[in-house]
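The values are calculated or read from the model by the stated rules, or taken from the named source; none is laboratory data. Note that this is a predicted model, so its numbers are computed, not measured. Glycine gets a Cβ as well: all are built from the backbone with ideal geometry, and neighbour counts include every protein chain shown. When the accessible area is computed, the model is the full protein with side chains, heavy atoms only, and any ligands, DNA or RNA have been set aside. Shrake-Rupley method; radii C 1.70, N 1.55, O 1.52, S 1.80 Å.
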Amino acid sequence: MKITPARRIRGRVQVPGDKSISHRAAIIAALANGTSRITNLSPSEDCAATLSCLRKLGVSIQSEGSSVIAQGAGESGLRASNEPLYCGNSGSTMRMLAGVVAGQEFSSTLTGDDSLSSRPMQRIIEPLQLMGASIGSQNGKPPLTVKGSKPLNPIRYELPVASAQVKSCVLLAGLNANGRTEVIEREETRDHTERMLKWFGVPLEASVAGSISIDGPRSFAARDVHVPGDISSAAFLIAAAALLPESKLDVENVGLNPTRTMFVSMLRSLGVMIEVTDERDECNEPVGRIRVQGNLSDQPPTPVDSTLVRGNLIARLIDELPLLAVVGTQMPGGIEIRDAAELRRKESDRISTTVTNLRAMGAEAEEFEDGLRVQGRTQLRGAMLDSYGDHRIAMAFAVAALTAEDDSEIAGAEAVGVSFPEFFTLLESLVER
Ligand code: S3P
């Protein structure tokens, strides 16, 4: 994909439905008693993988444009699939479905593409084994064979990694446990599973100390869901508007869950003009409009030389960190990201793939085991870039390429389909040259 630099971006958009919320809406609707209609479901390949796995487990799901109608299987209606559950590129699909099938009276095999097959699954194997499921893997990596047990044992489990996928896996397994399952997270991660379960009428208890409890076994009724726009997809467009002078962009009906908006807060603290309006709640998730005006480099320098992002900020920015590194190239003091070794376990090794692409564009970037540092105020050059099969790397560097001196080429740009198939079309519709 060739990217020609842009002067600015202008317009009003809606981004497709949130991927994280869509996975949860589909999975929880599939377990409910009755029929749920989910509107504005994410058109991502990842969510298509979740739907396809749920269908293989016997759930009837009809697609109608960006809506689906799911006939929930109820507490004992899932059936064994005679083929592996193929999760594609999607860690969320594999980790959350593992929690669902762990509490069934049958065995399931979960597989994925090459990238997913190299990602760590021990983090869900451990709690699910403690709950009584038998799980086979390739040294803690997929494929997973899950021999379910019904009911599961309830556990009290402190997450060893800050991961919403692991938290969700254990909570979903808790629906089929006999008693109270408690998950404790030291760092706050996205809470869409908790919100969606509550929307479907499942009571959860949360404490300020980061503990979430669910009482099983639990059955619940179907309910319609409307999915808000994906803030992590919007982030790429927002960043482009922030970086290109005289840009003006409105993103309508976008999710504003506080566990997901740290990127927007950071841009604001860096001096970007961002206004949030029309705030409301929809299906237990905050939603609203984000208006952003460029540009970052014309702002007065921030008082600190280099912005350091670390500690509990990391989990709240996890999907936006490659993009933040791109933004860092234009900040007065650059940016340093630490405590982010988890980035190496994403769809690509995002520390290495970000640094490689930044260097190709002429940025001064240093790589650490747990992060990276990039120098600010850099005029990026057009370059031959690579997505490394990673949707967020493709989109972060499409934004970088818009700010460059000359054209860039992104190999493997089709990876954007994993979360945001319309990304390039939408971006092009906003760009002015
Ligand atoms: C997700 C959680 C995060 C995030 C991923 C989606 C989710 O992963 O990176 O894109 O939907 O729960 P981890 O839970 O592995 O940090």
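Here are the numbers for this structure:
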{"read-out": "Leading residue by the ranking (farthest from the chain's Cα centre (by Cα)) among those in the stretch 171-181 that are closer than 14 Å to ILE27 by Cβ and away from the ligand (no atom under 12 Å from the Cβ)", "value": "ASN176"}
{"read-out": "Complete set of residues in the stretch 120-139 that are touching a strand residue (DSSP E or B) at 6+ places or on another chain (Cβ under 8 Å), in a loop (DSSP other than H, G, I, E, B) and open to solvent by 10 Å² or more (accessible area, probe 1.4 Å)", "value": "PRO120, GLY132"}
{"read-out": "Wholly within the stretch 330-415, strands (runs of 3 or more DSSP E) carrying at least 1 residues that are open to solvent by 30 Å² or more (accessible area, probe 1.4 Å) and out of contact with any Lys or Arg (no Cβ under 7 Å at 6 or more places or on another chain)", "value": "365-368, 371-374, 384-386, 408-411"}
{"read-out": "Total residues in the stretch 44-69, condition aliphatic (A, V, I, L, M) and part of a loop (DSSP other than H, G, I, E, B)", "value": "2"}
{"read-out": "Unmet requirement for ALA48, which otherwise passes all of (1) within 16 Å of the ligand (Cβ to nearest atom); (2) buried (at least 24 other Cβ atoms within 10 Å of the Cβ)", "value": "(2)"}
{"read-out": "Check on ALA6, touching a residue at least 60 places away in the same chain (Cβ under 8 Å), buried (at least 20 other Cβ atoms within 10 Å of the Cβ) and more than 16 Å from the ligand (Cβ to nearest atom)", "value": "yes"}
{"read-out": "Meets criteria (within 25 Å of SER81 (Cβ to Cβ) and in contact with an Asp or Glu (Cβ under 9 Å, 6 or more places away or on another chain)) for SER149", "value": "yes"}
{"read-out": "Breaking point among (1) small (Gly, Ala, Ser); (2) at pLDDT 95 or above; (3) in contact with a helix residue (DSSP H, G or I) (Cβ under 7 Å, 6 or more places away or on another chain), for GLY294", "value": "(2)"}
{"read-out": "Residues satisfying the stated conditions in the stretch 330-365, i.e. more than 19 Å from LEU317 (Cβ to Cβ) and at pLDDT 95 or above", "value": "THR356, ARG359, ALA360, MET361, GLY362, ALA363, GLU364"}
{"read-out": "Conditions (1) modelled with pLDDT of 95 or more; (2) out of contact with any His (no Cβ under 8 Å at 6 or more places or on another chain); (3) open to solvent by 20 Å² or more (accessible area, probe 1.4 Å); (4) not aromatic (Phe, Trp, Tyr): number failed by PRO301", "value": "(1)"}
{"read-out": "Tally of residues being touching a Ser or Thr at 6+ places or on another chain (Cβ under 9 Å), more than 23 Å from LEU317 (Cβ to Cβ) and of a type in the set (D, E, K, R) across the stretch 387-421", "value": "3"}
{"read-out": "Of the criteria (1) within 16 Å of the ligand (Cβ to nearest atom); (2) closer than 25 Å to CYS87 by Cα, which one SER352 fails", "value": "(1)"}
{"read-out": "Scope the stretch 376-433; condition touching a Pro at 6+ places or on another chain (Cβ under 7 Å) and under 16 Å from PRO16 (Cβ atoms); matching residues", "value": "ARG392, PHE420, PRO421, GLU422"}
{"read-out": "Selected residue (only one of GLU83, GLU75 is at pLDDT 95 or above and acidic (Asp, Glu))", "value": "GLU83"}
{"read-out": "Residue that is within 16 Å of the ligand (Cβ to nearest atom), open to solvent by 30 Å² or more (accessible area, probe 1.4 Å) and part of a loop (DSSP other than H, G, I, E, B), where the choices are ALA162, ALA209", "value": "ALA162"}
{"read-out": "Number of the exception - VAL101 against (1) more than 16 Å from the ligand (Cβ to nearest atom); (2) more than 22 Å from SER163 (Cα to Cα)", "value": "(2)"}
{"read-out": "In the stretch 204-222, the residues that are touching a residue at least 12 places away in the same chain (Cβ under 8 Å) and closer than 18 Å to ARG190 by Cα", "value": "LEU204, ALA206, ALA209, GLY210, SER211, ILE212, SER213, ILE214"}
{"read-out": "All positions within the stretch 328-345 that are over 11 Å from LEU372 (Cα atoms) and under 19 Å from the mean Cα position of the chain (by Cα)", "value": "GLU342, ARG344, ARG345"}
{"read-out": "Qualifying residues in the stretch 86-109 (those that are in contact with a strand residue (DSSP E or B) (Cβ under 7 Å, 6 or more places away or on another chain) and of a type in the set (A, V, I, L, M)) - the one nearest to ARG24 (Cα to Cα)", "value": "LEU97"}
{"read-out": "Number of the exception - ALA411 against (1) of a type in the set (A, V, I, L, M); (2) within 17 Å of the chain's Cα centre (by Cα); (3) over 16 Å from ALA240 (Cβ atoms)", "value": "(2)"}
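For (1) away from the ligand (no atom under 14 Å from the Cβ); (2) among the polar types (S, T, N, Q), each residue gets a yes or a no:
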| position | (1), (2) |
| --- | --- |
| VAL15 | yes, no |
| SER22 | no, yes |
| ILE38 | yes, no |
| SER67 | yes, yes |
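Every residue, every condition in (1) out of contact with any strand residue (DSSP E or B) (no Cβ under 6 Å at 6 or more places or on another chain); (2) more than 14 Å from the ligand (Cβ to nearest atom); (3) within 26 Å of SER207 (Cβ to Cβ), yes or no:
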| position | (1), (2), (3) |
| --- | --- |
| ALA73 | yes, yes, no |
| LEU78 | yes, yes, no |
| PRO84 | no, yes, no |
| THR111 | no, yes, no |
| SER115 | yes, no, no |
| THR145 | no, yes, no |
| GLY148 | yes, yes, no |
